[in-house]
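Okay, structure first, notes after.
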Amino acid sequence: WKPYLAQGLTERQAIFFGMIANIDENVGALRQWLRNKGLEKDTIFIFTTDNGTASGREIFNAQMRGQKGSEYEGGHRVPFFLSWPSGGLNNARDIDQLTAHVDILPTFIDLCGLKAPMDYAFDGRSLVSLLYDLPVPWSDRALVTDSQRVIDPIKWRKSAVMTEQWRLVNGKELYHINRDPSQKNNLAAKRPRVVETLRHEYDKWWDSISPGFAVHERMVVGNDAENPAHLTGHDWLP
C-alpha cells in the first residue's frame, strides 16, 4: 500500500488500493500455477466477491448507493468472472442479465455433465444458456437479498427485491435500476402495482425461509474430525 501513499492518497485510500493490488497479484499467481501444472484449460476458474466494497463511494463505487452490508446496490452487486478454456469459455464477453449466487450450483451441474436430484428444487437456475449465448429465452424473475445478520430477522429489514428492471428496497422504496443505477429517485408512489408485485414476491421468499430462523448449527468441541475447533464471534450462539 505504500506506493499508493507515496502518490498522495490518504492512508485509508492507500490501504484500500493496496488490498486490491494484493488480490490481483494472488489471483495472477494462482492462474500461473494452473498454467505451470497444465491444469488451466480444464479448470473452471471463477473470481467473485461476497459483497460490495467496504469503502463505498468514499473512494470508488461506480456511483452505486451503499456499501458492504447495505441493502442498496453498492452493498450486494458484485463481479463474477468465469473462465474455462476447454469448455469454450475463454473469450471476454459481458452478461447483463440479473444473476445470483444461487445460480452457481445448477450451473456447475450442467457444465460438468452431472445429473441433478429429481426430487430437489434449486433456488437458482443454470446460467449455461447465458454463458454460451444460446438462443434460449431467459425469463425475468424476482431475487431477494437481505443483510440482517441477527438471530431473529425482522421482516423487510435491510432487504431488496430485485428484477431485471426494478429494485424494491426495505419493502417501500422503488427504483428503476436501469435508468437510476444510483438509486436516487424513489418511484414507489408512482408505481404502486410494481411495489405490490414485488412485495408479494418477498412474502413468498420470507415464508419459505422463516421456518429455519430458529435452527442453529451445532459446534462439536472435541471431535477428531474438527480438531482444533474454531469458534468465531460471527457464528457463535450462546
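Within the range 85-103, one or more residues are within 25 Å of A142 (Cβ to Cβ), part of a helix (DSSP H, G or I) and among the hydrophobic types (A, V, I, L, M, F, W, C). Return yes when L98 is touching a strand residue (DSSP E or B) at 6+ places or on another chain (Cβ under 7 Å) and surrounded by 14 or more Cβ atoms within 10 Å (Cβ to Cβ) and no when it is not. Considered against the rule, which asks whether it is touching a strand residue (DSSP E or B) at 6+ places or on another chain (Cβ under 7 Å) and surrounded by 14 or more Cβ atoms within 10 Å (Cβ to Cβ), L98 comes out as yes.
Before we move on, is R57 free of Cβ contacts under 8 Å to residues at least 24 places away in the same chain and either surrounded by 13 or more Cβ atoms within 10 Å (Cβ to Cβ) or more than 24 Å from S159 (Cβ to Cβ) (or both)?
Details: free of Cβ contacts under 8 Å to residues at least 24 places away in the same chain: yes; either surrounded by 13 or more Cβ atoms within 10 Å (Cβ to Cβ) or more than 24 Å from S159 (Cβ to Cβ) (or both): yes.
Against the criterion (free of Cβ contacts under 8 Å to residues at least 24 places away in the same chain and either surrounded by 13 or more Cβ atoms within 10 Å (Cβ to Cβ) or more than 24 Å from S159 (Cβ to Cβ) (or both)), R57 qualifies.
Quick check: anything in the range 35-53 among the β-branched types (V, I, T), at pLDDT below 90 and out of contact with any strand residue (DSSP E or B) (no Cβ under 8 Å at 6 or more places or on another chain)? Full working, then the answer.
Going through the range 35-53, the residues among the β-branched types (V, I, T) turn out to be 43-44, 46, 48-49, 53.
So of that shortlist, the ones also at pLDDT below 90 come out as 53.
Remaining after also requiring out of contact with any strand residue (DSSP E or B) (no Cβ under 8 Å at 6 or more places or on another chain): 53.
Yes, the range 35-53 contains at least one residue that is among the β-branched types (V, I, T), at pLDDT below 90 and out of contact with any strand residue (DSSP E or B) (no Cβ under 8 Å at 6 or more places or on another chain).
Within the range 13-29, the set of residues being without any contact (Cβ under 8 Å) to a residue 12 or more places away in the chain and of a type outside the set (G, A, S) comprises I20, N22, I23, D24, E25, N26. Condition (residue is farther than 23 Å from G124 by Cβ, within 19 Å of the chain's Cα centre (by Cα), surrounded by 17 or more Cβ atoms within 10 Å (Cβ to Cβ) and not β-branched (V, I, T)) applied to the range 183-201: is it met by at least one residue? Within the range 183-201, one or more residues are farther than 23 Å from G124 by Cβ, within 19 Å of the chain's Cα centre (by Cα), surrounded by 17 or more Cβ atoms within 10 Å (Cβ to Cβ) and not β-branched (V, I, T).
With respect to the conditions (1) over 23 Å from K204 (Cβ atoms); (2) surrounded by 16 or more Cβ atoms within 10 Å (Cβ to Cβ), P79 falls short on a single one, namely (2). Residues in the range 173-220 that are under 22 Å from G52 (Cα atoms) and of a type in the set (D, E, K, R): E173, R179, D180, K184. In the range 23-48, of all residues being loosely packed, with under 13 Cβ neighbours inside 10 Å, assigned to a loop (DSSP other than H, G, I, E, B) and at negative phi, the one that is nearest to the chain's Cα centre (by Cα) corresponds to L39.
In the range 135-173, of all residues being of a type in the set (S, T, Y) and part of a loop (DSSP other than H, G, I, E, B), the one that is farthest from the chain's Cα centre (by Cα) corresponds to S139.
Of note, T145 satisfies the criterion of being touching a residue at least 12 places away in the same chain (Cβ under 8 Å) and closer than 13 Å to E71 by Cβ.
Would you mind stating whether A121 is surrounded by fewer than 13 Cβ atoms within 10 Å (Cβ to Cβ), at pLDDT below 95, closer than 23 Å to L39 by Cβ and aliphatic (A, V, I, L, M)?
Working: surrounded by fewer than 13 Cβ atoms within 10 Å (Cβ to Cβ): yes; at pLDDT below 95: yes; closer than 23 Å to L39 by Cβ: no; aliphatic (A, V, I, L, M): yes.
No; evaluated as a whole, the condition is false for this residue.
Look through the range 62-94, keep the residues that are of a type in the set (F, W, Y) and out of contact with any Lys or Arg (no Cβ under 6 Å at 6 or more places or on another chain), and return whichever of them is nearest to R167 (Cα to Cα).
The first filter runs over the range 62-94 and keeps only residues of a type in the set (F, W, Y), leaving 72, 80-81, 84.
When the remaining residues are screened for being out of contact with any Lys or Arg (no Cβ under 6 Å at 6 or more places or on another chain), the result is 80-81, 84.
Numbers: F80: 20, F81: 23, W84: 32 Å.
Among those that are of a type in the set (F, W, Y) and out of contact with any Lys or Arg (no Cβ under 6 Å at 6 or more places or on another chain), it is F80.
In the set (1) closer than 24 Å to W166 by Cβ; (2) assigned to a helix (DSSP H, G or I); (3) in contact (Cβ under 8 Å) with a residue 12 or more places away in the chain, the condition left unmet by F122 is number (2). Selection within the range 132-168: residues that are of a type in the set (A, V, I, L, M, F, W, C) and more than 25 Å from P211 (Cβ to Cβ). The member of this set that is surrounded by the most Cβ atoms within 10 Å (Cβ to Cβ) is W166.
The values are calculated or read from the model by the stated rules, or taken from the named source; none is laboratory data. The structure presented is a predicted model; accordingly, all values stated were derived computationally and were not measured. We place every Cβ from the backbone using ideal geometry, glycine too, and count neighbours over all the protein chains shown.
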